[in-house]
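Student: Please read through the structure below; I'll follow up with questions.
The values are calculated or read from the model by the stated rules, or taken from the named source; none is laboratory data. Because the structure is a prediction, the values reported are computed rather than measured. Please note: Cβ atoms are built from the backbone with ideal geometry, for glycine as well, and neighbour counts cover all protein chains shown. Note: accessible area is taken over every heavy atom of the protein model, side chains too, but ligands, DNA and RNA are not part of it. Shrake-Rupley method; radii C 1.70, N 1.55, O 1.52, S 1.80 Å.
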Amino acid sequence: MKNKNFIEISEVGPRDGLQSIKTIMPLKAKKKWISAAADAGVPEIEVGSFVPAQLLPQLADTAELVAHALTIPNLTVAVLVPNLKGAENAIKAGAHKITIPLSASETHSLKNVNRTHAQMIEEVKNIVALIKTMPSDKKPKFEGGISTAFGCTLEGKVSKSKIIEIAYALMDAGCNEVGLSDTTGYATPNHIIKLVKAVKSEIGEQNLTGLHLHNTRGLGLANVVAALDHGITTFDASLGGIGGCPFAPGASGNIVTEDLVFMVNSMGYETGIDIEKLLHVREIVKKALSEETLYGFLPEAGMPKGEYYGE
C-alpha cells in the first residue's frame, strides 16, 4: 500500500519520447535504458506502443521491450494502444497497463487514430470485453487517456463540458481510470485546477489520479504543483524531455523526468527514485541519441550541496 505522500513518476520516454524524434534507438540501448531507469527506482515505464511498424518504426520492437521489462522485479510495464488490435497485442505480450488515447478534439482524433469519438468508445468497449475474458491475475489495468484535454492546435479551445462528457463515457465503457493529457502544451495552472476539479466531481476522486503534461510553453512544473495541490498523484515525464509537441521548435515537449523528480522530492514527497542514478540513465540515453537534443535544468546545474529540502 503506497503512502499518501508518494508521487508516482511514470517514464514515457521510450514511447512518447522516441516516437517524436527521427533517430531510431537500437533495441539493445532501449533495454539498457529501461533496466537502468528501473534500477534508479522508476516504478512505471511506458515501454512502447502497439502500432503498425510502418507508421512508427521507432516503436516496432515494443513486444520485445515488454518481454524484457517483465523480467524486472517491481516494475509496472505500460504501453499505449490505439485500438482493439493494439490491445490484443499488448495483452498477448503481457503488459501490466494499457492506455488508449481519446482526443477531446474530434478533429485531432481523426488525424491521430482515424476514428470519431463514438468509434473510439466502441473500441474501448471491445477492449473491456476482451479483458473481462482473462483470469483476474492476468488482467491489465486499462486507462482512458484524454488527449488534447487542455486545447488543440487544430480546433483551439476544447470545452470543459466535452472533457467531462468523454471522461464519463470512458468510465461508463469500463475503463479502470481516466488520465488527462496536455498534448499541445496549452495548459496553465489555473486551467489545470479547474479541469481536474470538474472531472473529479463527475467521475469520482479516485478515478482521476494522473496527468500527462508538456513543457512546450515553460509551464510544465508549475502545472505539476497546481495538480499536486488538487490530489493528482501520478505524472508522466520523459528523460531529457525528449518528444512532446513537434510544433514548438526549440522548446522541450514533455516535462523532464530529472527536473520533476528533483522538484517533488524537494517538496517533501516520496518518489522512490534515486536522482544520482537517474542522472546516470541520462548518460545512457545521451550516448544512444547523440544527434538529439536533451533538455533539463538539473542535469546542467547539478545537485545543490547539502540538504536541499528547505526548512
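Student: Relative to the compact-globule scaling 2.2 N^0.38 Å, provide the ratio for the alpha-carbon radius of gyration of region 151-201.
Tutor: Cα-based Rg divided by the globular estimate yields 1.15.
Student: Same structure again: Considering the chain as a Gaussian network with a 10 Å cut-off on Cα pairs, which listed residue, Pro82, Pro135, Pro14, attains the greatest mean-square fluctuation?
Tutor: Top of the fluctuation ranking is Pro135.
Student: For region 46-97, what is the convex hull (Cα atoms) projected area averaged across all directions, in square nanometres?
Tutor: Taking the Cα atoms of region 46-97, their convex hull projects to 3.1 nm² on average.
Student: Taking the Cα centre of region 158-311 as the origin, how large is its charge dipole in debye, to the nearest 20, when only Lys and Arg (+1) and Asp and Glu (-1) carry charge on their Cβ atoms?
Tutor: In total the dipole reaches around 380 debye.
Student: Sticking with this structure for a sec: Determine, for each peptide in 43-56, 89-102, 271-284, the mean count of other beta carbons within 10 angstrom over its residues, then list the peptides with the highest first.
Tutor: Taking the mean over residues of other Cβ atoms within 10 Å, the ranking is 89-102, 43-56, 271-284.
Student: Provide Rg and Dmax in Å for region 1-97, with only Cα atoms included in the calculation.
Tutor: Over region 1-97's Cα set, Rg and Dmax evaluate to 13.2, 43 Å.
Student: Would you please give the residues with an amide H less than 5 Å from that of Tyr186, counting only those at least 5 places away or on a separate chain, with H modeled from the backbone geometry?
Tutor: Residues meeting the criterion, in which the H sits 1.01 Å from N, do not exist here.
Student: Show me 149-157, 126-134 ranked by packing, highest mean number of other Cβ atoms within 10 Å first.
Tutor: Highest to lowest by the protection proxy: 149-157, 126-134.
Student: If amide H atoms are built 1.01 Å from N in the plane of the peptide, which residues on other chains or at least 5 residues away come under 5 Å of the amide H of Phe6?
Tutor: Distant-sequence amide H within range of Phe6: Glu270.
Student: Accessible area per residue of region 1-60 at 1.4 Å probe, in Å²?
Tutor: Per-residue value: 45 Å².
Student: How much of the DSSP bridge set in the chain is antiparallel, in percent, rounded to the nearest 5?
Tutor: 5
Student: Calculated FRET efficiency, Gln54 and Ile21, Cβ-Cβ r, R0 22 Å, to nearest 0.05?
Tutor: That pair, Gln54 with Ile21, gives E of 0.80.
Student: Can you compute 3J(HN,Hα) from phi for each residue in region 290-295, using the Karplus curve 6.51 cos²θ - 1.76 cosθ + 1.60 with θ = phi - 60°, rounded to whole Hz and x for Gly and Pro?
Tutor: Computed from phi, the couplings for region 290-295 are 4, 8, 9, 8, 9, 10 Hz.
Student: What three numbers, in Å, describe the spread of the alpha carbons of the chain along their principal axes, ordered from the longest?
Tutor: 53, 42, 41
Student: What is the log10 of I(q)/I(0) for region 102-193, computed with the Debye formula using one identical point scatterer on each Cα and no solvent, at q = 0.17, 0.19 Å⁻¹?
Tutor: Per q value, in the given order, log10 I(q)/I(0) is -0.71, -0.85.
Student: For region 70-113, what % of the accessible area comes from carbon and sulfur atoms, probe 1.4 Å?
Tutor: Exposed carbon and sulfur together represent 50 percent of the surface.
Student: Sticking with this one: Can you bin every Cα-Cα distance in region 159-311 into 5 Å intervals starting at zero and give me the percent of pairs per bin, rounded to whole numbers?
Tutor: 2, 9, 18, 19, 18, 15, 10, 6, 3, 0, 0
Student: Let me ask another. State to the nearest 20 debye the size of the charge dipole of the chain about its Cα centre, where the only charges are +1 on K and R beta carbons and -1 on D and E beta carbons.
Tutor: My answer is approximately 580 debye.
Student: Applying the Karplus parametrisation 6.51 cos²θ - 1.76 cosθ + 1.60 with θ = phi - 60° to the phi angles of region 131-148, what ³J(HN,Hα) value in whole Hz is obtained for each residue in order, glycine and proline being reported as x?
Tutor: 4, 5, 7, 8, x, 4, 7, 10, 6, x, 5, 10, 10, x, x, 8, 7, 6
Student: Tell me, what HN-Hα J-couplings in whole Hz come from the Karplus equation 6.51 cos²θ - 1.76 cosθ + 1.60 at θ = phi - 60° for each residue of region 178-193, using x for Gly and Pro?
Tutor: So the Karplus estimates, Gly and Pro as x, are 10, x, 10, 10, 8, 3, 9, x, 8, 5, 10, x, 4, 5, 4, 4 Hz.
Student: Quick one: how many lysine pairs does region 95-153 have with C-alpha atoms less than 24 Å apart and a gap of 8 or more or different chains? Give me the count, please.
Tutor: 10
Student: Along the charge dipole of the chain, Cβ charges K/R +1 and D/E -1, which of Ile45, Ile98, Thr257 sits furthest on the positive end?
Tutor: Final value for the positive-end residue is Ile98.
Student: Over all directions, average the projected area of the Cα convex hull of region 189-239 and note it in nm².
Tutor: One quarter of the hull surface, i.e. the mean projection, equals 3.4 nm².
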